[in-house]
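The values are calculated or read from the model by the stated rules, or taken from the named source; none is laboratory data. Predicted, not measured: the structure shown is a model, and the values here were computed from it. Please note: Cβ atoms are built from the backbone with ideal geometry, for glycine as well, and neighbour counts cover all protein chains shown. Each accessible area value is taken on the protein alone, full model and side chains, heavy atoms only, with ligands, DNA and RNA left out. Shrake-Rupley method; radii C 1.70, N 1.55, O 1.52, S 1.80 Å.
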Amino acid sequence: MRLTRRRFVQSMLGAAAAAGLPAVFSACSGSSKGISAPPASARPQFGASSGTAFPKGFFWGTATAAYQIEGAWNEDGKGESIWDRFAHTAGKIKNGDTGDVACDSYHRWREDIALMRAMNLNSYRFSISWPRIQPSGSGTANAKGVDYYSRMVDALLEARIRPLVTLYHWDLPQALEDSGGWPNRDTAGRFADYAQLVAHALGDRVSDWMIFNEPDAFVDLGHLEGTHAPGRKSLLDFLRATHVVNLAQGEGFRALKAVRPSARVGTAFSMSACEPATDSAEDKLAAERAHAITNTWFLEPALRGRYPEALTFLPETAMRIQPGDMEKIRAPLDFVGINLYYRTIASAPGTMERFSHAQEWLFPVKMDGGQQGPKTDFGWEVWPKALYDMVMRITHDYDRPAIEITESGCSYKDGPDASGLIHDSRRVEYHREYLAALGRSIADGADVRGYHAWSLLDNFEWAEGYSQRFGLAYVDFKTQQRTMKDSGRWYGKVAAENRVGPGG
């Protein structure tokens, strides 16, 4: 999961200065100039007195990522990833944490499947570690790595849980980073080769695939802001990585389909409903630009073979766009994955600001988070209407595609009480309200097939280390004991009944 979305725009000015180039974007810094949310009810509600029922065959699941839970960072032939290198670099991760052991799921995956069975789940979204399959990012598959995922897929199917496999959740082989990483055009071809290897190994049993998890996140935070692996701070790297990742999305899609034509293939896009700060024409235009860069910067290329109109001009030379590329980036996805946690408030900069800062002319938008709803322990606003708004926007703009909610969740630090129970009522309320909003979107015509709570387990939360807990199950990282929280039991009841009851 992504630990910030607004920092994408907030970091542009500093990164552009570091690169010696004019910034492409600008943003509000979170100072006294922060934007107030538009007048609205303090907390939009969607629940009905009778509760919310979901369609027959709806997928109830959880989501995880390889580096965040597996551990075993150098076992059984696995190569080094950019996150291994980044986490082992002093000062990069809060408290000096690493994913070396994480939740030890490489050895305890059977316990994880048992948790899912206890929660009556029928879908599990997990990612494959690229360097566990190809230690150097190329060449033949590592047999022990393939065997690990093969055994897990077999066990999931035996438990009647659909394996929803993400090919790339941020752990690029370090050897490919050393050769240029995502800004290097050759990486797109390497990714297609990897996708083909995995499809050959697992495609006889796995029917549903995700190409990427949140491409805008790993491109932005890893190449522009530098807070995530590989830790680059370069506007040029960001622009070039954007285009190579879009090329890889198209090539990865075709590689999967070449091996398994019947496979259902999508990508998990991080999204945030973008609202104008006021009803002015300028703020409404700013919100549309924010929507384009936040929600469709990697979706529009896949479905329509073009970049959305987020910028006042597209820096094609800096992005190294070549003739024929706009056809290569096309990927007619079978479904759209939406990761959503909160909303974004957008406004236009003032005239003087645009005169004072050249970057304001290229991306004339300020972005901030909503302030009206309650906050999670991570400081994110809880705003269920954002999920409804986002699902309906994608439904209307892209001719009612199949949608899966591939992530949504909240960080609360509730721990065991004296009897060992974890009472996390705020997490229950979060999912209840977001699911009610999702149910309304289905009633209003959206084709939503599933919901995956982030996350099955408390885990390694990237730059935050182990300081944030999103899991439906509590993990004692000293003993690796898993304990289901109240929210996990509640979610299990929802999955069993295929409905969210009123008020709980």
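Out of the residues in the stretch 170-220 meeting the condition of being under 20 Å from residue 69 (Cα atoms) and among the polar types (S, T, N, Q), tell me which one is surrounded by the most Cβ atoms within 10 Å (Cβ to Cβ).
The extreme case among them is 213.
In the stretch 467-504, how many are in a loop (DSSP other than H, G, I, E, B), open to solvent by 50 Å² or more (accessible area, probe 1.4 Å) and either touching a Phe, Trp or Tyr at 6+ places or on another chain (Cβ under 6 Å) or not charged (D, E, K, R) (or both)?
So in the stretch 467-504, the residues in a loop (DSSP other than H, G, I, E, B) come out as 467-472, 477-480, 485, 498, 501-504.
Add one more test, that the residue is open to solvent by 50 Å² or more (accessible area, probe 1.4 Å), and what stays is 477-479, 502-503.
Narrowing the set further to residues that are either touching a Phe, Trp or Tyr at 6+ places or on another chain (Cβ under 6 Å) or not charged (D, E, K, R) (or both) leaves 477, 479, 502-503.
Residues flagged as in a loop (DSSP other than H, G, I, E, B), open to solvent by 50 Å² or more (accessible area, probe 1.4 Å) and either touching a Phe, Trp or Tyr at 6+ places or on another chain (Cβ under 6 Å) or not charged (D, E, K, R) (or both) within the stretch 467-504 amount to 4.
Could you list all residues from the stretch 333-352 that are open to solvent by 20 Å² or more (accessible area, probe 1.4 Å), in contact (Cβ under 8 Å) with a residue 40 or more places away in the chain and over 19 Å from the mean Cα position of the chain (by Cα)?
Step one: of the stretch 333-352, the residues open to solvent by 20 Å² or more (accessible area, probe 1.4 Å) are 333-334, 348, 350-352.
From what's left, in contact (Cβ under 8 Å) with a residue 40 or more places away in the chain: 333-334, 348.
Scanning the stretch 333-352 gives a single hit, 348.
Any idea which residue in the stretch 361-387 is most open to solvent (accessible area, probe 1.4 Å), counting only those that are outside any loop (DSSP other than H, G, I, E, B) and out of contact with any Cys (no Cβ under 9 Å at 6 or more places or on another chain)? Before you say what the answer is, go through the steps one by one.
As a first pass, look at the stretch 361-387 and keep what is outside any loop (DSSP other than H, G, I, E, B): 361-362, 366-369, 375, 381, 385-387.
Next, only the ones that are out of contact with any Cys (no Cβ under 9 Å at 6 or more places or on another chain) stay: 361-362, 369, 375, 381, 385-387.
On the way: 361: 115, 362: 27, 369: 4, 375: 83, 381: 9, 385: 73, 386: 0, 387: 0 Å².
Residue satisfying both the conditions and the ranking: 361.
For residue 264, which of the numbered conditions (1) closer than 22 Å to residue 315 by Cβ; (2) of a type outside the set (Gly, Ala, Ser); (3) within 21 Å of the chain's Cα centre (by Cα) fails to hold?
Of everything listed in (1) closer than 22 Å to residue 315 by Cβ; (2) of a type outside the set (Gly, Ala, Ser); (3) within 21 Å of the chain's Cα centre (by Cα), residue 264 misses just condition (1).
Restricting the stretch 274-291 to residues that are hydrophobic (A, V, I, L, M, F, W, C) and open to solvent by 10 Å² or more (accessible area, probe 1.4 Å), which is farthest from residue 406 (Cα to Cα)?
Selected residue: 281.
Given the structure, is residue 463 in contact with a Lys or Arg (Cβ under 9 Å, 6 or more places away or on another chain), outside any loop (DSSP other than H, G, I, E, B) and either modelled with pLDDT under 95 or more than 13 Å from residue 414 (Cβ to Cβ) (or both)? Please lay out each step first, then the result.
Values: in contact with a Lys or Arg (Cβ under 9 Å, 6 or more places away or on another chain): yes; outside any loop (DSSP other than H, G, I, E, B): yes; either modelled with pLDDT under 95 or more than 13 Å from residue 414 (Cβ to Cβ) (or both): yes.
Judged against the criteria, residue 463 is a match.
Under the condition of being touching a residue at least 60 places away in the same chain (Cβ under 8 Å) and assigned to a loop (DSSP other than H, G, I, E, B), which residue from the stretch 388-418 is most open to solvent (accessible area, probe 1.4 Å)?
416
Test residue 54 against the criterion of being out of contact with any helix residue (DSSP H, G or I) (no Cβ under 8 Å at 6 or more places or on another chain) and buried (at least 21 other Cβ atoms within 10 Å of the Cβ), and give yes or no.
Details: out of contact with any helix residue (DSSP H, G or I) (no Cβ under 8 Å at 6 or more places or on another chain): no; buried (at least 21 other Cβ atoms within 10 Å of the Cβ): yes.
So residue 54 does not fit the description; no.
Taking residue 445 as the residue in question, decide whether it is out of contact with any strand residue (DSSP E or B) (no Cβ under 9 Å at 6 or more places or on another chain), modelled with pLDDT under 95 and open to solvent by 10 Å² or more (accessible area, probe 1.4 Å). Let's see the steps before the verdict.
Working: out of contact with any strand residue (DSSP E or B) (no Cβ under 9 Å at 6 or more places or on another chain): yes; modelled with pLDDT under 95: no; open to solvent by 10 Å² or more (accessible area, probe 1.4 Å): yes.
Judged against the criteria, residue 445 is not a match.
Against the definition (within 19 Å of residue 501 (Cα to Cα) and in contact with a strand residue (DSSP E or B) (Cβ under 7 Å, 6 or more places away or on another chain)), how does residue 373 come out, yes or no? Working first, answer last.
Working: within 19 Å of residue 501 (Cα to Cα): no; in contact with a strand residue (DSSP E or B) (Cβ under 7 Å, 6 or more places away or on another chain): yes.
Judged against the criteria, residue 373 is not a match.
Pick from the stretch 300-316 the residues that are closer than 17 Å to residue 395 by Cβ and out of contact with any helix residue (DSSP H, G or I) (no Cβ under 8 Å at 6 or more places or on another chain): which of them is surrounded by the fewest Cβ atoms within 10 Å (Cβ to Cβ)?
Ranking the qualifying residues of the stretch 300-316, first place goes to 304.
Could you tell me which numbered condition residue 89 fails, if it satisfies all but one of (1) under 24 Å from residue 378 (Cβ atoms); (2) crowded, with 20+ Cβ neighbours inside 10 Å?
(2)
Quick one: what pairs do we get from the stretch 144-161, first residue free of Cβ contacts under 8 Å to residues at least 40 places away in the same chain, second of a type outside the set (Phe, Trp, Tyr) and assigned to a loop (DSSP other than H, G, I, E, B), C-beta under 9 Å, 6+ apart or different chains?
147/76; 160/122
Those residues that are touching a Ser or Thr at 6+ places or on another chain (Cβ under 7 Å) and open to solvent by 10 Å² or more (accessible area, probe 1.4 Å), I need them from the stretch 449-466; list them, please.
Result: 463, single match.
Could you look through the stretch 317-327, keep only residues that are touching a residue at least 12 places away in the same chain (Cβ under 8 Å) and assigned to a helix (DSSP H, G or I), and pick out the one that is most open to solvent (accessible area, probe 1.4 Å)?
327
Taking the stretch 156-212 on its own, how many of its residues are acidic (Asp, Glu), in contact with a helix residue (DSSP H, G or I) (Cβ under 9 Å, 6 or more places away or on another chain) and in a loop (DSSP other than H, G, I, E, B)?
Counting residues in the stretch 156-212 that are acidic (Asp, Glu), in contact with a helix residue (DSSP H, G or I) (Cβ under 9 Å, 6 or more places away or on another chain) and in a loop (DSSP other than H, G, I, E, B) gives 1.
Quick one: residue 223 ticks every box in (1) surrounded by fewer than 24 Cβ atoms within 10 Å (Cβ to Cβ); (2) of a type outside the set (A, V, I, L, M, F, W, C); (3) free of Cβ contacts under 8 Å to residues at least 60 places away in the same chain bar one, so which box is it?
(1)
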